[in-house]
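Engineer: Quick one: the structure is below, and I'll ask about it shortly.
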Amino acid sequence: MRGYLSRDGMPPAEFLEIGRKEIARYGVELVRDTAVDITRETRDTRETRETRDTRETRETRDTRETRDFTVMLASGRTVQGRRLVVATGLKDVLPDVPGVAERFGKDVLHCPYCHGWEVRDRAFGVLATTPLSVHQALMVSQWSKDVTFFLHTVEQDELPDDDLCRLAAAGVDVVPGEVDGLVVAGDRVTAVRLKDGTTFAREVVFTTPGAVPQTDLLARLGAELYQTPFGSYPVVDSTGRTTVPGVWAVGNAWASPSRS
Ligand SMILES: Cc1cc2nc3c(=O)[nH]c(=O)nc-3n(C[C@H](O)[C@H](O)[C@H](O)COP(=O)(O)OP(=O)(O)OC[C@H]3O[C@@H](n4cnc5c(N)ncnc54)[C@H](O)[C@@H]3O)c2cc1C
């Protein structure tokens, strides 16, 4: 884990453990389960009750207000709450190349901001997933002068001439041809192998996974979503409030790559 002031280099599991201990101090109950559905009692229903305005019915209404949302869990348990914060993150979809999933987060990396410093000056490969991977190759060329850009499933003629000129100016070697797999020896990547059998000695491979926001539950609640090239994200205001009253989205479930 990098780039998080005061926690640089900490194993992510340790970071999570500290977080769990901290929130437990505030009386938060942590439930290890999967939310499979969420329902919301509509405001219309409650307004009908408010018209019967006796002291007794008002008390009933207040009780109900604390139970606006019902979250159904995979175990069959339900949890109720007055407000809902959705923090379901996103799913990384890695290129289907042997070695990539196994080494992801070790020496197969996606983020030069998180990991660039640690791997600086080493032999980089960049495994293209779309023609836009050119930008990743250019970015990581600021961390090493030894960068090979593997076009993999991208055809060279899909790249604009301008992009090829930029890659040449940055000293990035462009290698056409589908990648067959990563060569892993012991606990490290040592090479990238093409389908034709050619191997290129590389120590670190950057690639850009597809990012699929986990916004199904928000969609089921009726939250307005907008489409991006990276999936559908909730429409939110500056505080993360979605279009469904009482529901906020945070973290990667909120922040589309175009917003962050
Ligand atoms: C390999 C890798 C390295 C990274 N390195 C860094 C780094 O060094 N520094 C940095 O700042 N950032 C780094 N990042 C990015 C960072 O991990 C994310 O930005 C961050 O984790 C987003 O936090 P989040 O809480 O929004 O989502 P997540 O951390 O993805 O958490 C979402 C959680 O919601 C759970 N969930 C999803 N759906 C449900 C459901 N229906 N019910 C119950 N639970 C559900 C998921 O299982 C998951 O635990 C890295 C990312 C990757 C992939």
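What follows draws every value from the coordinates through simple rules; no lab data is involved. Bear in mind that the values here come from a model prediction, so they are computed numbers and not experimental data. All Cβ positions, glycine included, derive from the backbone under ideal geometry; neighbour counts span all protein chains shown.
Engineer: When only alpha-carbon atoms count, how far does segment 123-260 stretch along each of its three principal axes, as whole angstroms with the largest first?
Structural biologist: 56, 38, 26
Engineer: While we're here: Please work out the FRET efficiency for the pair residue 83 and residue 5, using the Cβ-Cβ distance as r and a Förster radius of 22 Å; give the result to the nearest 0.05. Mind showing how you got there, number by number?
Structural biologist: Details: r = 29 Å, r/R0 = 1.31.
So the FRET efficiency works out to roughly 0.15.
Engineer: So the label point goes 7 Å from the Cα of residue 187 along Cα→C-beta, right? Which residues of segment 1-27 then have their backbone N under 16 Å from it?
Structural biologist: So the set is 1, 10-13.
Engineer: I would also like to ask the following. Find the eigenvalues of the gyration tensor of the Cα atoms of the chain, then list the square roots of 5 times those eigenvalues as equivalent ellipsoid semi-axes, largest first, in whole angstrom.
Structural biologist: Working: eigenvalues 444, 85, 50 Å².
Values for the chain, descending: 47, 21, 16 Å.
Engineer: Taking the Cα centre of the chain as origin, work out the dipole magnitude from +1 charges on Lys and Arg Cβ and -1 charges on Asp and Glu Cβ, in debye rounded to 20. Intermediate values should be presented prior to the final figure.
Structural biologist: Details: 33 positive and 39 negative charges, 255 e Å.
Rounded to the nearest 20 debye, it is 1220 debye.
Engineer: Which order results if 124, 69, 230 are arranged by neighbouring Cβ count within 10 Å, fewest first? Mind dumping the intermediate values first?
Structural biologist: Numbers: 124 26, 69 18, 230 14.
Lowest to highest Cβ neighbour count: 230, 69, 124.
Engineer: Using the Karplus curve 6.51 cos²θ - 1.76 cosθ + 1.60 with θ = phi - 60°, work out ³J(HN,Hα) for each residue of segment 82-93 in order, rounded to whole Hz, and write x for Gly and Pro.
Structural biologist: Values per residue, Gly and Pro as x: 8, 10, 9, 10, 9, 10, 7, x, 9, 10, 7, 9 Hz.
Engineer: Something else now. Given springs between every Cα pair under 10 Å in a Gaussian network model of the chain, which of 119, 36, 71 has the largest fluctuation?
Structural biologist: 36
Engineer: Contour minus end-to-end for residue 32 and residue 93, with contour as 0.36 nm per residue of separation and end-to-end as the Cα-Cα distance?
Structural biologist: Numbers: separation 61, 0.36 × 61 = 21.96 nm, distance 2.38 nm.
Gain in length upon complete extension: 19.6 nm.
Engineer: Please work out the FRET efficiency for the pair residue 102 and residue 73, using the Cβ-Cβ distance as r and a Förster radius of 35 Å; give the result to the nearest 0.05. Mind dumping the intermediate values first?
Structural biologist: Working: r = 31 Å, r/R0 = 0.89.
With a Förster radius of 35 Å, E is 0.65.
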